[in-house]
Every structure is written in C-alpha cells, then in structure tokens.
Amino acid sequence: FMAEGYSFSLFGAGSHEGMDDSYERMGAFVTNNLPYTTMLTGLRQHGFGFVGAPMRTGIIAHCMPNKLFEYISQGVIPICWNADEAGEFVAERGIGIHIQGELKDLRRQLREGPKLRERLLKTNLQYSMEAQAGALETFYQNFV
C-alpha cells in the first residue's frame, strides 16, 4: 500500500517491545498498545481499513477477523485483499472493497467510497455483537 502511495496507520494490538521499526521507517504511523475502546475511537478518523495480508495464506483467506467487524462498527470501509471470506462478505453487502488480484485497480474502486460509507453507516449496527447476541446464544445452546 505504501509503495502505491497510500498513507498507512497501524494500531498496536500488543506491546511494541521487541518489535523493530520497519513500518515506521517505511513511513507508516504506528501506535503503541491502546485500550480497546480508545483503539476503536482512533479508527473513526480513517476512511478505510485493511483486512488481509500481502500474500495469500489459507488462514487469512478463510477467516472473518475481528478487525473486519471493528472497522464496520466504526464506519470504516474495509478493504479486503487476500482475504476471500471477508472480501465476499463486504462485497455482497456493498459495505467494503474486495480486491482480487493486484492493487493497481484500487484507486478506481476507492471512488465508490462515499456510496460504500453511506451504505455502511445505514447497516453497521446490525453486525454488532449486541445485535447478534441472541443468534450466538442459540448457536451455543446447540452444543450444550
């Protein structure tokens, strides 16, 4: 993303201790570990949030990571790359971008940002834990 000229911020999910400063040297803004609610609030200033990896791996391609729903909850448009399950989820609902292939087509897709954000803000609460708790409890009861 940075090589393509995009600004990039990383919010720490753990201690910075023992990590090198590779991302900072490349120009990314990297935070130290933040309390969860502070991290969520910090996401709101961003228009887009990355879900995936720069290379294809089975675990990333087939998961629905927490960060996807954290972005959605804060009105941040998910950009999914090499994250097929998450990418299909946001593309089917019109609330994010599923990059298939190279990043070169991303700038064109970003032009849809205002429409995606409008749709995301109208529907994001239905993906919250509070909205899904009943279905989740029913699901867990099947295993008791």
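Solvent-accessible surface of the stretch 30-144, averaged per residue with a 1.4 angstrom probe and all protein chains in place: 62 square angstrom. Based on DSSP H segments of at least four residues, each scored -39500 (n - 2.57), the chain has a per-residue ellipticity at 222 nm of -11500 deg cm²/dmol.
Between MET2 and SER128, 0.36 nm times their residue separation minus their Cα-Cα distance comes to what?
42.3 nm
Close amide H contacts of GLY49 (hydrogens built in the peptide plane, cut-off under 5 Å, sequence separation of 5 or more or a different chain): ILE77, ILE79. Most tightly packed first, judged by the mean number of other beta-carbon atoms within 10 Å of their residues, the peptides 82-94, 109-121 read 82-94, 109-121. Short-range pairs are left out: with C-alpha atoms under 8 Å and at least six residues apart, the relative contact order of the stretch 70-114 is 30 percent. Converting phi to 3J(HN,Hα) with the Karplus coefficients 6.51, -1.76 and 1.60 and the offset θ = phi - 60°, the stretch 72-80 yields 4, 4, 9, x, 9, 6, x, 10, 9 Hz in sequence order, with x at every glycine or proline.
In this label model, PHE143 and ARG108 are separated by 4.3 nm, measuring between points 7 Å along each Cα→Cβ vector. Taking 7 Å steps out from each Cα toward its Cβ at ALA28 and ASN66 produces label points 1.8 nm apart. The mean sequence separation of alpha-carbon pairs under 8 Å and at least six residues apart, normalised by the residue count of the chain, gives a relative contact order of 17 percent. Our coupling estimate for the stretch 28-34, obtained by passing each phi through the Karplus curve with A = 6.51, B = -1.76, C = 1.60 and θ = phi - 60°, is 7, 8, 10, 8, 6, 4, 10 Hz, Gly and Pro reported as x. Taking a straight Cα-Cα cut-off under 19 Å and skipping sequence neighbours fewer than 8 places away in the same chain, the aspartates and glutamates within cross-link reach of LYS115 are GLU88, GLU92, ASP105. Note on TYR36: accessible area approximately 120 square angstrom, rounded to 10, probe 1.4 Å, nucleic acids and ligands left out. Where a ≥ b ≥ c are the square roots of the eigenvalues of the C-alpha gyration tensor, would you call the stretch 41-141 rounded, which needs a/c under 1.5, or, failing that, prolate if a/b is larger than b/c, or oblate? Taking the square roots of the gyration eigenvalues as a ≥ b ≥ c, the stretch 41-141 is oblate. Backbone geometry of the stretch 92-100 corresponds, through the Karplus equation with coefficients 6.51, -1.76 and 1.60 at θ = phi - 60°, to 3J(HN,Hα) couplings of 4, 9, x, 10, x, 10, 10, 7, 10 Hz, x marking Gly and Pro.
The values are calculated or read from the model by the stated rules, or taken from the named source; none is laboratory data. None of the values given here were measured: they were computed from a predicted structure. All Cβ positions, glycine included, derive from the backbone under ideal geometry; neighbour counts span all protein chains shown. What goes into the accessible areas is simple: the full protein's heavy atoms, side chains included, and nothing from ligands, DNA or RNA. Shrake-Rupley method; radii C 1.70, N 1.55, O 1.52, S 1.80 Å.
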